[in-house]
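Right, one structure below, let's go through it.
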Amino acid sequence: MAEKLIPITLKVNGREYKVEVKPNETLLFVLRNKLNIKSVKGSCYRGECGVCTVLLNGKPVKSCLVLAVEADGAEITTLEGLAPFGTLAPIQKAFLEHGAFQCGFCTSGFILTAHWLLTHNPDATEEEIKEAISGLICRCTGYKQIIEAIKAAAKYYKQDKQKQ
Amino acid sequence: MKYVGKSIPRIDREKVAGDAEYAYDFTLPGMVYAKLVAAPYAHAKILKVKYDEALKVPGVLAVFTGADFPFKVGIYAADRDVLAREKVLYYGHPVAAVVAETLEAAEKAAELIEVEYEPLPPVLDALEAMKPDAPLVHEKLHEYKHAPFIYPKPGTNIATYLKLRKGNIEEGFSKADVVVENTYYEPLISQGYLENWVGIARVKSDGTVEIWSSHQSPFAVRNLLATSLGLPIHKVVVHHMYLGGGFGGKAGLLLEHIPVLFSMKLGGRPVRLELNREENSFYMAQRAGYYFKMKTGATKDGKLVAHWGEYILDAGAYADYTVNIARSVGLKPFGPFEIEHVHVDSYAVYTNKVPTTAFRGFGLMEVLFAAERQMDLLAKKLGMDPVEFRLKNVLVPGKSLTHTQERLREDAGDPAGAIREAARLIEWGKPPEQPKEPWKFRGKGFAAFWKGPVQPSNAAASAIVKLNDDGSVDVLVGTGEMGQGTITALAQIVAEELGIPVEKIRIAPERRTDMVAYTWQTVGSRGLFSDGQALIRALEDLKSQIRKIAAQVFRVFEDQIEIRDGKACVVGEPWECISLAEMALGYMYPNGNAIGGPLIGRGSHVPVRNTIPDPETGKSVPAPFYTFGAGAVEVEVDLISGRVKVLKAVMVLDTPAINPMLVAGQVYGGTVMGINIALIEELKFDENGRLLNPNFTEYKVARAGDIPDEMIFKTLGVGQKDAPYGAKGVGELTMLPWPAAVANAIANAIGVELYELPMKPDKIIEEVKKQRPELLEKVKEALKIKG
């Protein structure tokens with residue numbers, strides 16, 4: 001029994017991909033294995049750890065819980081999409097300058113979630129930051145420097161908001 | 001200093017850019033996929049494995065069973081089957097495997113494999129396993145090869161034991177005015193790293209084996225593969241990539257041999273074995289469980305005089321590193337205090353549970369939970385302040401004898417200073433302000449700690465530094481990068497020594513064992529000390545070559561050349577210089593004559609004056625350094641929910657820091673991990689030995705909302721002379737005081753003494769009911785009044 005392949009379109013980091021997927025393939029699987037976007041990681045594959053977080057139409061989702069077909073036509077941002085190649089976005093720079101990562105396996109999920117948070121709420125309080133990242137696991141850092149990095153990056157998002 | 005001691009950003013910035021490569025991301029063309037089949041029994045005879053149907057699945061290349069690999073593997077004892085033979089030893093034990101063109105086909109075929117079992121009674125508790133009539137996990141223990149310092153007892157479940165004897169224990173207790181005797185329990189837990197184990201192996205036609213996998217120590221993997229499979233060491237090439245967390249769980253014998261063996265049987269095709277989270281909990285070794293029986297005595301003026309202990313580690317089905325952890329807790333059986341009479345027996349015991357191995361701290365957090373509880377309970381009996389009691393007994397460098405009868409070197413550190421400073425930072429002696437809710441109670445707790453690497457007395461390291469023709473530098477070291485940040489600290493050392501910016505230094509993210517310098521392992525908080533020492537020697541070697549060339553060019557003595565800002569200059573005449581770039585590949589005079597040639601520095605390290613423990617007494621110098629420290633917490637216990645919240649956590653380490661920001665990261669990470677282990681973490685098994693929480697839904701690691709309100713840390717900057725810029729290991733140390741400090745703080749808050757981990761809400765309420773029923777009554781009363 002040959003499984004039916006469904007053609008879908010994904011716009012990832014501004015580039016359009018046409019790809020054929022199986023109905024049961026997750027967005028995580030397709031991003032990693034068909035589009036070769038390896039910054040997106042997988043660990044628990046059940047929505048607990050958040051290392052597979054990507055922005056789907058601007059909102060963080062756990063890509064292990066989204067079927068690729070559900071993402072048809074969507075705009076997706078992964079860590080590589082936050083800044084032009086070879087440069088770092090302010091939130092990436094803040095993570096670097098505050099020691100907000102160690103092994104780095106969860107980092108993509110944290111940075112993308114923080115980017116979404118600060119885009120919408122650049123005045124986020126410490127409690128709001130903790131709330132926003134509560135769906136993500138980092139076993140290395142103890143979160144303190146992640147929270148500090150997000151606080152430090154907030155000023156760039158405030159400036160952006162003022163410009164708009 | 002310009003670079004050392006500064007909080008520069010980590011050099012592995014690819015991790016925030018998104019192109020850091022992990023073994024998880026690695027693929028090879030033509031790669032095929034392996035899937036293992038897990039046993040549904042904790043202990044059972046394998047009667048038959050039927051796989052005809054599995055072979056019919058399109059794309060399936062082979063099915064393997066234990067019979068295909070009739071030998072055992074292991075790190076210190078060869079106790080492990082590649083795939084279970086004759087019987088399965090724990091729930092989840094891999095009993096067969098499929099290799100197929102796609103993962104889907106492999107998974108489908110794996111489901112079609114039928115195994116017939118005859119269930120056997122499992123032994124699931126380490127104390128039960130010690131009993132003479134206990135079922136045997138390994139009947140053929142007498143046949144197993146093992147390292148000379150491991151002492152299995154054939155005919156029992158004992159995987160190893162260690163004896164520590166100092167002084168005369170009877171005499172010690174005869175001098176004691178107060179004695180406390182307790183049994184402590186700590187369950188099996190998970191390292192909880194995020195990158196599940198993955199390995200991609202291929203065999204070349206000339207017999208070379210190559211493996212890319214998630215591991216901490218590339219050279220350990222190489223050595224174990226070569227030894228286990230009977231291969232020459234130079235024919236095994238291990239590729240280390242960024243590692244998504246290890247915490248000890250990726251230090252021992254991992255699963256590399258499985259894809260390697262499969263590739264050998266499949267004509268060298270690259271084979272990928274990738275575990276999902278649940279499989280990772282079954283197939284990868286977890287952390288042992290512990291029983292500590294302790295009896296400790298002191299005189300009425302507060303001098304420790306005797307400590308007796310029996311330590312029993314639940315090693316699970318395969319003991320991997322746990323046999324060495326039994327040595328670790330046996331050789332450091334108590335906190336950093338001097339005791340004249342010590343008598344400890346430690347055992348690692350096989351049970352029908354998941355295999356166990358190292359975890360950050362290598363048994364020290366576990367033994368210190370018990371030992372630092374003993375200290376508080378003794379202080380209480382003596383009516384003495386716990387900090388004062390510790391200061392009275394703390395090891396004094398240059399003077400004291402440790403539990404292994406080692407006289408501490410004079411520059412060993414500052415154990416007393418760490419205790420004093422932690423006490424100051426937590427405002428010890430000032431009672432915490434009690435919250436207005438009458439069901440909430442606050443208290444403070446304290447614990448001291450120490451640790452050095454547990455390693456062979458000759459655990460070596462080396463480093464190679466190559467100068468490039470633009471004055472940049474390639475550094476070759478063997479230590480793995482798993483987030484601990486050693487490579488950033490090493491780059492800072494190079495920058496400092498050569499006077500060049502960190503940007504001009506490359507330490508490649510990949511380690512290939514045939515292309516980088518050797519180091520024994522990336523464990524035990526030894527990396528910076530060991531690889532750092534080798535690196536400093538390599539830089540000295542390079543600098544002496546630089547000085548020699550510059551001395552020749554300027555016609556001065558070598559000691560009249562100084563190296564700074566990437567140049568070699570005549571002392572006193574800083575305008576007379578040659579840049580390092582000019583001499584990197586050989587210095588050329590204006591007339592074309594050249595001298596020197598490419599400059600390469602090399603350096604080695606081996607621990608000095610370490611000794612093998614005496615088998616009867618444990619007497620030894622077991623480690624090249626100890627890091628000393630102390631931790632203190634203020635907690636709030638909520639007697640309605642039973643929850644404990646850590647409000648403030650203080651840690652003081654005696655060592656200097658090469659990079660304070662990265663040390664802070666280690667401290668915060670270790671603090672949150674250690675406190676979570678104290679309060680929540682536990683691998684749960686049902687009565688048949690089935691692991692109930694192999695995933696992050698039921699195994700709760702800390703999240704952002706769980707961290708202490710305040711975390712404070714300080715390093716005292718007291719270095720050891722032979723350590724790189726004095727800096728000693730830190731990574732594991734950051735875990736050590738927390739379970740004890742939290743338990744001591746709970747006792748201080750509500751007067752309830754706890755002896756078991758984790759200290760979960762239901763456990764706390766249960767113990768309050770037993771030990772302080774009047775406290776619960778008071779809470780109920782207060783609630784009634786409030787309505």
| In the stretch B:445-468, is there at least one residue being over 27 Å from the mean Cα position of the chain (by Cα), more than 26 Å from residue B:303 (Cα to Cα) and part of a loop (DSSP other than H, G, I, E, B)? | yes
| query | Which residue out of B:687, B:698, B:682 is in a loop (DSSP other than H, G, I, E, B) and within 11 Å of another protein chain (Cβ to nearest Cβ)? | reply | B:698
| message | Name the single residue that is farthest from the chain's Cα centre (by Cα) among those in the stretch B:609-647 being under 30 Å from residue A:101 (Cβ atoms) and surrounded by fewer than 19 Cβ atoms within 10 Å (Cβ to Cβ). | response | B:643
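In the set A:110, A:95, which member is closer than 22 Å to residue B:24 by Cα and at pLDDT 95 or above? So that I can check it myself, show each step before the final result.
Working: A:95 fails: closer than 22 Å to residue B:24 by Cα.
Checking each option against the conditions leaves just A:110.
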| Qualifying residue in the stretch B:395-409 (condition: modelled with pLDDT of 95 or more, part of a loop (DSSP other than H, G, I, E, B), over 25 Å from residue B:624 (Cα atoms) and of a type in the set (A, V, I, L, M)) | no
| Selected residue [touching a residue at least 24 places away in the same chain (Cβ under 8 Å) and within 13 Å of another protein chain (Cβ to nearest Cβ)] from A:114, A:154 | A:114
| said: So for the stretch B:217-235 (the condition being assigned to a strand (DSSP E or B) and over 24 Å from residue B:509 (Cβ atoms)), does at least one residue qualify? | reply: no
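Could you tell me whether any residue of the stretch B:708-729 is under 22 Å from residue B:639 (Cβ atoms) and surrounded by fewer than 24 Cβ atoms within 10 Å (Cβ to Cβ)?
yes
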| request: Among the residues of the stretch B:333-360, write down those that are of a type in the set (S, T, N, Q) and either in a strand (DSSP E or B) or under 19 Å from the mean Cα position of the chain (by Cα) (or both). | output: B:346, B:356, B:357
| task | Please state which one of B:389, B:362 is in contact (Cβ under 8 Å) with a residue 24 or more places away in the chain, surrounded by fewer than 24 Cβ atoms within 10 Å (Cβ to Cβ) and touching a Gly at 6+ places or on another chain (Cβ under 7 Å). | result | B:389
| Of B:668, B:699, which residue is out of contact with any Asp or Glu (no Cβ under 9 Å at 6 or more places or on another chain) and within 29 Å of residue A:126 (Cβ to Cβ)? | B:668
| note | Going through the stretch B:10-50 in order, the residues found to be away from chain A (no Cβ under 14 Å) and under 28 Å from the mean Cα position of the chain (by Cα) are B:36, B:38, B:42
| note | Of the conditions (1) within 14 Å of another protein chain (Cβ to nearest Cβ); (2) in a loop (DSSP other than H, G, I, E, B), the single one that residue B:728 does not satisfy is (1)
| remark: Among helices (runs of 4 or more DSSP H) entirely within the stretch B:238-332, at least 3 residues that are within 14 Å of chain A (Cβ to nearest Cβ) occur in B:277-283
| request: Check the stretch B:709-723 and report whether any residue there is within 22 Å of residue B:290 (Cβ to Cβ), more than 14 Å from chain A (Cβ to nearest Cβ) and outside any strand (DSSP E or B). | output: no
| message | When you scan the stretch A:45-54, do you find a residue that is crowded, with 22+ Cβ neighbours inside 10 Å, free of Cβ contacts under 8 Å to residues at least 40 places away in the same chain, within 13 Å of another protein chain (Cβ to nearest Cβ) and closer than 24 Å to residue B:22 by Cα, even just one? | response | no
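Would a scan of the stretch B:737-746 turn up a residue that is in contact (Cβ under 8 Å) with a residue 40 or more places away in the chain, surrounded by 21 or more Cβ atoms within 10 Å (Cβ to Cβ), under 25 Å from the mean Cα position of the chain (by Cα) and not in a helix (DSSP H, G or I)?
Within the stretch B:737-746, one or more residues are in contact (Cβ under 8 Å) with a residue 40 or more places away in the chain, surrounded by 21 or more Cβ atoms within 10 Å (Cβ to Cβ), under 25 Å from the mean Cα position of the chain (by Cα) and not in a helix (DSSP H, G or I).
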| If residue B:316 satisfies every condition in (1) outside the structural domain of residue B:733 (by TED's automatic domain parsing); (2) in contact with a Ser or Thr (Cβ under 8 Å, 6 or more places away or on another chain) but one, which is the exception? | (1)
| Of all residues making up the stretch A:85-111, the number that are at positive phi and at the interface with chain B (Cβ under 7 Å from one of its Cβ atoms) | 2
| query | of a type in the set (Lys, Arg), closer than 27 Å to residue B:361 by Cβ and either in contact with a Gly (Cβ under 9 Å, 6 or more places away or on another chain) or surrounded by 17 or more Cβ atoms within 10 Å (Cβ to Cβ) (or both), is that true of residue B:424? | reply | no
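Given the options B:704, B:782, name the one that is buried (at least 22 other Cβ atoms within 10 Å of the Cβ) and over 22 Å from the mean Cα position of the chain (by Cα).
B:704
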| task | Show the residue pairs that are 6+ apart or on different chains and have beta-carbon atoms under 6 Å apart, the first residue being within the stretch B:649-669 and facing another protein chain (nearest Cβ under 10 Å), the second being of a type in the set (Lys, Arg). | result | B:668/A:144
| Which of (1) out of contact with any Leu (no Cβ under 6 Å at 6 or more places or on another chain); (2) of a type outside the set (A, V, I, L, M); (3) surrounded by fewer than 18 Cβ atoms within 10 Å (Cβ to Cβ) is the odd one out, the single condition residue B:469 does not satisfy? | (1)
| request: Among the residues of the stretch A:117-148, write down those that are within 7 Å of chain B (Cβ to nearest Cβ) and surrounded by fewer than 19 Cβ atoms within 10 Å (Cβ to Cβ). | output: A:134
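The values are calculated or read from the model by the stated rules, or taken from the named source; none is laboratory data. Quantities reported herein were computed from a predicted structural model and do not represent experimental measurements. Cβ atoms come from the backbone with ideal geometry, glycine included; neighbour counts cover every protein chain shown.
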